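Participant: Dumping the structure here so I can ask a few things about it.
Computed from the coordinates by the stated procedures, all read-outs in this text should not be read as laboratory data. Everything quoted here is computed from the prediction, not taken from an experiment. Please note: Cβ atoms are built from the backbone with ideal geometry, for glycine as well, and neighbour counts cover all protein chains shown.
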């Protein structure tokens, strides 16, 4: 197959002020084509908190110009001759937050199915491939990705719901599954936002005995209950919450990105040998804590980053089988600037998905 008859263009951030609604629509040069790649005509792209941090260089200097968006769903329009996955032109497929890893047999992480922890990982946007070409995300018409990181979307999941699962969903599904969420376990989810609402949905889908939503106020209590929460802790409203609920949870997944979290109190909620897993990524250090919070009950603090390709496939199948339905707001791709501003202001309930209306109608 020769050169494609389409161009790559999308919303580009040119500087830190792009997060203020100042992205510009322009053409760009995607990664160098490889015969193991897939090109996707984008129909939907979720907005992730990572997009906000990256647009404003919150986690470090961004490689401007940058097209963010790593919750991408669309249709394959070009499939390289060396693609080993069962992907054909016309298939509905998606890309998550990772676009590449080395996949070398001598790479400890890749060889063990932990590609998301590969030292040579390339993000779906704001990254550079070994040949020096840049990765660009999904606030765009088309996306290009190595086929190892392209996923077929089950028929049972609508595209607008599948898109935010590819980062927001897997970011909480992976630590829940890896750390034993299921029958016999009591699980807490800190933060009821884009990530946290997925935490409640997947903790329930995985069969946890009890799912507890933890938030600063009770403003989202009724929503959390509808998402599957069996109990709700409002930390700003109940001054005795840490004592009342002490030693009640086996696993806590924290999705908050604020460095002001009451970490010591969260740890008090864990039972003996409990685990606290942080997935939210604050731009500043998290609070200090006493070693005795760990020693006394043998609890562990850990972290998790997105998920490996096999976990994404597994998550999509579970979502299809259990009917997991994220709470989303669809917005036109042409309104991406305003959608980013609204996301940054905390107005999403609970995930915003951009719809490329020209492509979605096809």
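Participant: Sort out for me the strands (runs of 3 or more DSSP E) sitting completely within segment 253-362 that have 1 or more residues that are loosely packed, with under 13 Cβ neighbours inside 10 Å and out of contact with any helix residue (DSSP H, G or I) (no Cβ under 7 Å at 6 or more places or on another chain). Write out each step before concluding.
Facilitator: Numbers: elements: 270-278, 300-303, 328-332, 351-355.
Counting at least 1 such residues, we get 270-278, 300-303.
Participant: Those residues that are closer than 18 Å to residue 161 by Cα and surrounded by fewer than 16 Cβ atoms within 10 Å (Cβ to Cβ), I need them from segment 193-236; list them, please.
Facilitator: Of everything in segment 193-236, just one residue is closer than 18 Å to residue 161 by Cα and surrounded by fewer than 16 Cβ atoms within 10 Å (Cβ to Cβ), namely 226.
Participant: Does residue 232 satisfy the condition of being in contact with a strand residue (DSSP E or B) (Cβ under 6 Å, 6 or more places away or on another chain) and more than 29 Å from residue 329 (Cβ to Cβ)? It would help to see each step written out before you state the result.
Facilitator: Working: in contact with a strand residue (DSSP E or B) (Cβ under 6 Å, 6 or more places away or on another chain): yes; more than 29 Å from residue 329 (Cβ to Cβ): no.
The answer is no for residue 232.
Participant: Right, here's the next one. Could you check how many residues of segment 133-159 are surrounded by fewer than 24 Cβ atoms within 10 Å (Cβ to Cβ) and more than 20 Å from residue 313 (Cα to Cα)?
Facilitator: Going through segment 133-159 one residue at a time, the tally reaches 4.
Participant: For segment 237-248, name all the residues that are in a loop (DSSP other than H, G, I, E, B), in contact (Cβ under 8 Å) with a residue 24 or more places away in the chain and either buried (at least 17 other Cβ atoms within 10 Å of the Cβ) or at negative phi (or both). Show your work before the answer.
Facilitator: Going through segment 237-248, the residues in a loop (DSSP other than H, G, I, E, B) turn out to be 237-240, 245-248.
Imposing the further condition that a residue be in contact (Cβ under 8 Å) with a residue 24 or more places away in the chain reduces the set to 245, 247-248.
Passing the criteria: 245, 248.
Participant: Turning to a different aspect of this structure: What are the residues in segment 44-82 that are over 21 Å from residue 341 (Cα atoms), in contact with a helix residue (DSSP H, G or I) (Cβ under 8 Å, 6 or more places away or on another chain) and crowded, with 20+ Cβ neighbours inside 10 Å, if any?
Facilitator: Result: 73, 74, 79.
Participant: Quick one: in segment 160-175, which of the residues that are more than 10 Å from the chain's Cα centre (by Cα) and within 12 Å of residue 324 (Cβ to Cβ) is surrounded by the fewest Cβ atoms within 10 Å (Cβ to Cβ)? Walk me through how you get there before you give the answer.
Facilitator: The first filter runs over segment 160-175 and keeps only residues more than 10 Å from the chain's Cα centre (by Cα), leaving 160-162, 174-175.
Adding the requirement that they be within 12 Å of residue 324 (Cβ to Cβ) leaves 161-162.
Numbers: 161: 22, 162: 27.
Among residues in segment 160-175 that are more than 10 Å from the chain's Cα centre (by Cα) and within 12 Å of residue 324 (Cβ to Cβ), the one surrounded by the fewest Cβ atoms within 10 Å (Cβ to Cβ) is 161.
Participant: Which of the residues spanning segment 105-132 are surrounded by fewer than 16 Cβ atoms within 10 Å (Cβ to Cβ) and farther than 20 Å from residue 31 by Cα? Step through it out loud before you land on a result.
Facilitator: From segment 105-132, those surrounded by fewer than 16 Cβ atoms within 10 Å (Cβ to Cβ) are 105-106, 108, 111-113, 119-120, 128, 130-132; that's our starting set.
Once the filter is applied, which keeps residues that are surrounded by fewer than 16 Cβ atoms within 10 Å (Cβ to Cβ) and farther than 20 Å from residue 31 by Cα, segment 105-132 yields 105, 106, 108, 111, 112, 113.
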